[in-house]
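The values are calculated or read from the model by the stated rules, or taken from the named source; none is laboratory data. What you see is a predicted model; the values in this text were computed from it and never measured. Ideal geometry is used to build each Cβ from the backbone, glycine not excepted, and the neighbour counts take in all protein chains shown. Just the protein is used for accessible areas: all its heavy atoms, side chains included, with ligands, DNA and RNA removed. Shrake-Rupley method; radii C 1.70, N 1.55, O 1.52, S 1.80 Å.
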Protein chains: 2
Amino acid sequence: MMKKFVFGNPIETDAIVCREGIVESQEKVPYFSRVDDRQGEGCLFAYEMGGHDIIYGLGESIRGINKRGWIYESNCTDDPIHTENKRSLYAAHNFFLVDGKGRFGVFVDAPQKVTFDFGYYERDRLTITVDPGGFILYILEGESLRQIVREFRHAIGRSYIPPKWGMGYGQSRWGYQNAQDIRQVVRQHREAGVPLDSVYMDIDYMERYKDFTVDKGKFPDFPEFVKEMKGQNIHLVPIIDAGVKIEEGYPAYEEGIENGYFCKKEDGTEFVGGVWPGRVHFPDMLKEEARSWFGQKYKFLIDQGIDGFWNDMNEPALFYGEDHLKDIFRELGEYQKKELDIETFFGMKDMVLGLSNHPKDYQAFYHEYKGEVIRHDKVHNLYGYYMTRAAGEAFEKIEPDKRLLMFSRASYIGMHRYGGVWMGDNCSWWSHLLLNLQMLPGLNMCGFLYTGADLGGFGSDVTEDLLLRWLELGIFTPLMRNHSAQGTRLQEFYRFGHVESFRNIIGLRYALLPYLYSEYVKAAMTDDMMFLPLPFAYPDDPAAAGVEDQLMVGEGMMIAPVYRQNARGRYVYLPEEMKLYRMRSEESMEVQVLPAGHHYVEAELDQVLIFIRPDHVAPLAKGGCHVEEVDVSCLRLLHFIKTEAVYELYDDDGYRKITDWEQGVTKITVAVNGEVTASGSKTGTYVLI
Amino acid sequence: MMKKFVFGNPIETDAIVCREGIVESQEKVPYFSRVDDRQGEGCLFAYEMGGHDIIYGLGESIRGINKRGWIYESNCTDDPIHTENKRSLYAAHNFFLVDGKGRFGVFVDAPQKVTFDFGYYERDRLTITVDPGGFILYILEGESLRQIVREFRHAIGRSYIPPKWGMGYGQSRWGYQNAQDIRQVVRQHREAGVPLDSVYMDIDYMERYKDFTVDKGKFPDFPEFVKEMKGQNIHLVPIIDAGVKIEEGYPAYEEGIENGYFCKKEDGTEFVGGVWPGRVHFPDMLKEEARSWFGQKYKFLIDQGIDGFWNDMNEPALFYGEDHLKDIFRELGEYQKKELDIETFFGMKDMVLGLSNHPKDYQAFYHEYKGEVIRHDKVHNLYGYYMTRAAGEAFEKIEPDKRLLMFSRASYIGMHRYGGVWMGDNCSWWSHLLLNLQMLPGLNMCGFLYTGADLGGFGSDVTEDLLLRWLELGIFTPLMRNHSAQGTRLQEFYRFGHVESFRNIIGLRYALLPYLYSEYVKAAMTDDMMFLPLPFAYPDDPAAAGVEDQLMVGEGMMIAPVYRQNARGRYVYLPEEMKLYRMRSEESMEVQVLPAGHHYVEAELDQVLIFIRPDHVAPLAKGGCHVEEVDVSCLRLLHFIKTEAVYELYDDDGYRKITDWEQGVTKITVAVNGEVTASGSKTGTYVLI
């Protein structure tokens, strides 16, 4: 049951696409009291929580699976230091669930800033504050948390499905400069026997950071290079940034100016921001013609053989607004004349520090959206979404039958139909390995199935053990990419002493691919989650409710990664008896049945813990050096059979759009005596292990 | 066994004061290979660790109890953002223990920067790099980890013991402006029934941030106010900063100039830095006459009734060096003339951001130390130590028989004889609650027994649950202070909804005081640790080796605080059978005997877990509103008696210097039948609970 409550004149976000079953209500919003109309200051709702109510959701945000006890702001922000005190990351995912005294879901459909106080000011009080402007509140009820999520997901439309190679391993670094660098990365992976499907190209591949250009000096024959890489089963994935460099003669700039595609200031001139290319204009992604134009620009790279992209800097990040920077230089001139005291100093420092992503700059430009001129801050959270929508809509025309890889940094609910998200510019911190795990179910709730964090951490310096432990979680996330920033320690796997451990663990991912790909596609097609907090699978188990560091992956599997340095094991809670596969590689494993309850489970640095639920199986392929080598016709089955297990394996060619997914299903049945039978599209040979 | 190896011409740090038993060796350093002499680039030693060797120590530093897997720099630094990637905090505590393949202790006595790579570059390689200059390496061996620590502690001299009121609760905030503010803080604690012994005075009490001044507008009659507070059993604890404001007519400035007490540049003029007061000179704390002069200055406040201080900004923190700032303003002028591109922007931003604590500024001034002129960076890590030594040596003269409260932000080993340390400017992060616990044993190893973190966190915004959980650890730390920064959420306990929980938990601290004070004094007098990692008490238990979130407190008690938001319990490892007291207050408790092994133990938000070892007791007093109300003559005993327990209770008047500590000991014996007998200085009544 999904009820809709409209306040003021909301700006349509196109988040909800399926309105069937949604009831528009004129009644009072259930659960919440409207505390204060606060004309011009936004709208505030409050809910009194029970002492142990749990809150799930908010997609990409900091803190635990249970979001209670902090205040969050949906305000897409380029802030790479994700410490516990931050309120906004790159995304605005305004859907959450309350489970306790009451059980319901809430979606605040509002493109402006929304603040969620989940017991921050007062321990038992939940408030939602929507910044000035109209908005829509949806309240969802259902028989279970999972059912509420499904209903919400149905309303927001089917989640993006990547090409299968997008679930292979990708290597990235802000710093690969040219074809030679990339060739070397590929060669060293192949030599070390570490599987690899893609290499990401960060901003340096472009000509002076200009979108839809390739630097000829660095890539003398780019189409040929793309082909060369394809010949080695490597997909190149270039980055696309939001800002378009201001440069005479640069087609994207010239066309944008000529056709009025860029965001303008109040005086009608184009807004100038500073990002990587220096001075840029921002395409008005909300304006239909501009969006269509920008999307078609991707064709420049697709025509050269590219079949995947990542959209970046689309909060949009703003190192500075040009007018603002000029003001600051003027003020710095004044400071220079003053006596050099402590006020001078802090004034100056704060001024310079506060220059980036300044709210005033976001109030300085405008969009044309659905026939209206709207100031940017009123629709700020849509920008990244609409940039990715630009690409997604264009891909439908350019490659109507093919899945292209696409994920974005900034997002809003609705964008999940066009691409995935990575979890932004994290750090090489053990706490961010745990955060990676904790973000997964919230993102799934909001429609983002294709996701993962920068393995090993983007900022700051990694250690070998952190990278390996992180990989041991990363092998389960659909997007599995090792990415790091210029100036940090190099973190390709082959740079470390124990490359065999990395090879083995990543090999395990490829072996698990039939399971992970099946679970992904089934989740997408049935509006379900791939990563579930334990209470979603065990709603009646009070002990499961407190588990913040384990997840169900699909129907049959539970994971419990180690995320503490120097740990040789960890505590695990089993809501029911399970079979533990303690795996060093796809070949080397110890198997043990554990009773329900709390356990300390050993896991050395090179061991992954996989738990199989009773009467479930998870298929394991032979692995491979890239996704196309993974053969689903010959599978070994991780299994825990008490009576009988049935597994629905999904497979396809990996790149064509999925139309009738049930055609790709093979039903594998394992009887209590160990006999395996299969029926469906592509049966093969199956061995219990 | 403590062996001494001298390299080059070391600068004497006065860290080691008892040389008895130390063998000066001409042989090769055991365990280590000297990898590289690297003339002029420092000296590098390497040790090959076993795969599971554990490293303890380094005092105040980030990461776990086991320091393995990171690289640390001893380089006292004012950096308030203690994320996992930082290498230096405020202190330089160059003592550590290796336990595994070999078992030994290492002390690098060097006042310059020292780098400890504990498996960062290579997983199994430990290296020590000492910056150019002489140094002394000590290698310690002994029959146990604890024995090695005792030997080291004996060599560095007896740890500081605070007055007993310094183990009461202290309330602090950078923001209390005047007598009215402080009166209100005290009144609100008393009204809420929350015990309180001290209020800290941050920089605002001074006249324009000038050391050894009190702002007359804010405190019209300061001695009278001190007396008024004493009448309410409140000790005021003012801050003293390292830098002396440059201001004509200000005595400290005038005297310092006149007598050449300030640090000078190469050209012989005084170095000018910028800190809170604006332009300052730094007293040359290393120069004996200057130190003696600076120490005597504390008398100004002692004469007005003050009996405790905290020394701050003594790394020394440097917001800017004046010459450096002038250069930057000049460069900013140049930037303004350039085109505003992205290089301009980052160049400017990095320049301004890098202004504080810049290595070049630390190379720009000099000390006179033991007859030599030494550039600051060569002795950087001694500055905070010697500032506190200045105070400590002066206190010996001003109040020879009395213990005064003293703790510092920056420190080096040796300073532990003159005062304690707080753990610096932390944040309101759950991860910093755990860090607080993890720092305790390392600090104890290095002699710092009087220590604690800013409860609730100094920077960023606290939540009620974080503050309460943090208090549940804080009640065990000798320094128990709630401190927070201007601009953050107010965090006095009475500002939150559930003040009774705070009152109860802090009441428990006062009830535990007889135990904590006894354990503190015994640890100080016997060169022992008060907080022990589990393997120090259970060296033969391999499972104890991995425990990073529990500590032994003294002989009889183990603590296991909850440090995760929304958690209603936690996992606890018991190396042996123990009795659990789950306490809501000194009166309300549940008692349970748990067998050895792994347990999930429930602990609601307002519950503290205290574990008592077999044949041990821990006395509990009736509590009180301040330390003087705590009555040790009538004690209840937390106990777990299998055969017999003997407890040595220590007590004294709380403020006189301790000469013959054994005179203060009462021996309490509990027989298996529950019979309690006592002998010694002050026997009382004892009840088992």
- Query: Quick one: in the range B:329-353, which of the residues that are of a type in the set (A, V, I, L, M) and more than 13 Å from residue A:325 (Cα to Cα) is nearest to the other protein chains (Cβ to nearest Cβ)?
  - Reply: B:352
- Message: If I go through the range A:304-325 residue by residue, how many of them are on the phi < 0 side of the Ramachandran plot and within 14 Å of chain B (Cβ to nearest Cβ)?
- Response: 9
- Within the range A:623-689, which strands (runs of 3 or more DSSP E) (wholly inside it) include 1 or more residues that are closer than 21 Å to residue A:578 by Cα and open to solvent by 50 Å² or more (accessible area, probe 1.4 Å)? A:644-650, A:685-688
- Out of the residues in the range B:77-116 that are closer than 19 Å to residue A:466 by Cβ and touching a Leu at 6+ places or on another chain (Cβ under 7 Å), which is nearest to the other protein chains (Cβ to nearest Cβ)? B:82
- Only one of these is open to solvent by less than 10 Å² (accessible area, probe 1.4 Å) and within 14 Å of chain B (Cβ to nearest Cβ): A:550, A:565. Name it. A:550
- Could you grab the pairs with beta carbons closer than 8 Å, sequence gap of 6+ or different chains, first residue in the range A:642-658 and farther than 16 Å from residue A:677 by Cα, second one in a loop (DSSP other than H, G, I, E, B) and of a type in the set (Gly, Ala, Ser)? A:651/A:681
- The lone condition residue B:292 fails out of (1) surrounded by fewer than 22 Cβ atoms within 10 Å (Cβ to Cβ); (2) small (Gly, Ala, Ser); (3) not in a helix (DSSP H, G or I) is (3)
- Scan the range A:261-277 residue by residue and report those that are part of a loop (DSSP other than H, G, I, E, B) and either without any contact (Cβ under 8 Å) to a residue 12 or more places away in the chain or open to solvent by 40 Å² or more (accessible area, probe 1.4 Å) (or both). A:265, A:266, A:267, A:268, A:269, A:276
- Flagged in the range A:571-602 as assigned to a loop (DSSP other than H, G, I, E, B) and touching a residue at least 24 places away in the same chain (Cβ under 8 Å), in numbering order, are A:575, A:576, A:577, A:584, A:585, A:586, A:588
- Could you please let me know if residue B:64 is crowded, with 22+ Cβ neighbours inside 10 Å, in contact with a helix residue (DSSP H, G or I) (Cβ under 9 Å, 6 or more places away or on another chain) and part of a loop (DSSP other than H, G, I, E, B)? yes
- Message: Exactly one condition in (1) over 19 Å from residue A:450 (Cβ atoms); (2) out of contact with any helix residue (DSSP H, G or I) (no Cβ under 7 Å at 6 or more places or on another chain) is false for residue A:162; which is it?
- Response: (1)
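So that you can scan it fast, the table gives a plain yes or no per residue for (1) open to solvent by 30 Å² or more (accessible area, probe 1.4 Å); (2) part of a loop (DSSP other than H, G, I, E, B); (3) among the basic types (Lys, Arg):
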residue	(1), (2), (3)
A:17	yes, yes, no
A:52	yes, yes, no
A:89	no, yes, no
A:104	no, no, no
- Item | Subset of the range A:424-436 (residues that are of a type outside the set (S, T, N, Q) and within 14 Å of another protein chain (Cβ to nearest Cβ)) | A:425, A:427, A:429, A:430, A:432, A:433, A:434, A:435
- Item | Members of the range B:222-246 found to be open to solvent by 40 Å² or more (accessible area, probe 1.4 Å) and assigned to a loop (DSSP other than H, G, I, E, B), listed by number | B:232, B:233
- Output for the range B:519-535, where each listed residue is crowded, with 20+ Cβ neighbours inside 10 Å and of a type in the set (Val, Ile, Thr): B:521
- Message: Step by step: first the residues of the range A:184-220, then only those that are under 28 Å from the mean Cα position of the chain (by Cα) and among the aromatic types (Phe, Trp, Tyr), then the one that is surrounded by the fewest Cβ atoms within 10 Å (Cβ to Cβ). Which residue is that?
- Response: A:212
- Consider residue B:538 carefully, then state whether it is within 13 Å of chain A (Cβ to nearest Cβ), open to solvent by 10 Å² or more (accessible area, probe 1.4 Å) and of a type in the set (Phe, Trp, Tyr). no
- Of the listed residues (B:458, B:448, B:395), the one being surrounded by fewer than 24 Cβ atoms within 10 Å (Cβ to Cβ) and either over 28 Å from residue B:305 (Cα atoms) or among the hydrophobic types (A, V, I, L, M, F, W, C) (or both) is B:395
- Report, by residue number, each residue of the range B:447-465 that is touching a strand residue (DSSP E or B) at 6+ places or on another chain (Cβ under 6 Å), assigned to a loop (DSSP other than H, G, I, E, B) and either away from chain A (no Cβ under 14 Å) or of a type outside the set (Ser, Thr, Tyr) (or both). B:448, B:450, B:456, B:457
- Message: Looking at the range A:113-133 only, could you name the residues that are open to solvent by 10 Å² or more (accessible area, probe 1.4 Å) and either in a loop (DSSP other than H, G, I, E, B) or hydroxyl-bearing (Ser, Thr, Tyr) (or both)?
- Response: A:113, A:115, A:121, A:122, A:123, A:124, A:127, A:129, A:131, A:132, A:133
- Item | All positions within the range A:517-570 that are over 28 Å from residue B:601 (Cβ atoms) and assigned to a helix (DSSP H, G or I) | A:517, A:518, A:519, A:520, A:521, A:522, A:523, A:524, A:525
- Task: Answer yes or no as to whether residue A:494 is open to solvent by 20 Å² or more (accessible area, probe 1.4 Å), within 30 Å of residue A:99 (Cα to Cα) and aromatic (Phe, Trp, Tyr).
- Result: no
- Any chance the range B:320-339 includes a residue that's assigned to a strand (DSSP E or B) and either of a type in the set (Lys, Arg) or in contact (Cβ under 8 Å) with a residue 24 or more places away in the chain (or both)? yes
- Message: On the basis of being within 8 Å of chain B (Cβ to nearest Cβ), in a helix (DSSP H, G or I) and crowded, with 19+ Cβ neighbours inside 10 Å, does residue A:301 make the cut?
- Response: no
- Query: Within the group A:588, A:633, A:679, which residue is in contact with a Lys or Arg (Cβ under 6 Å, 6 or more places away or on another chain) and not hydrophobic (A, V, I, L, M, F, W, C)?
  - Reply: A:679
- When only residues in the range B:363-377 that are charged (D, E, K, R) and open to solvent by less than 80 Å² (accessible area, probe 1.4 Å) count, which is farthest from residue B:260 (Cα to Cα)? B:377
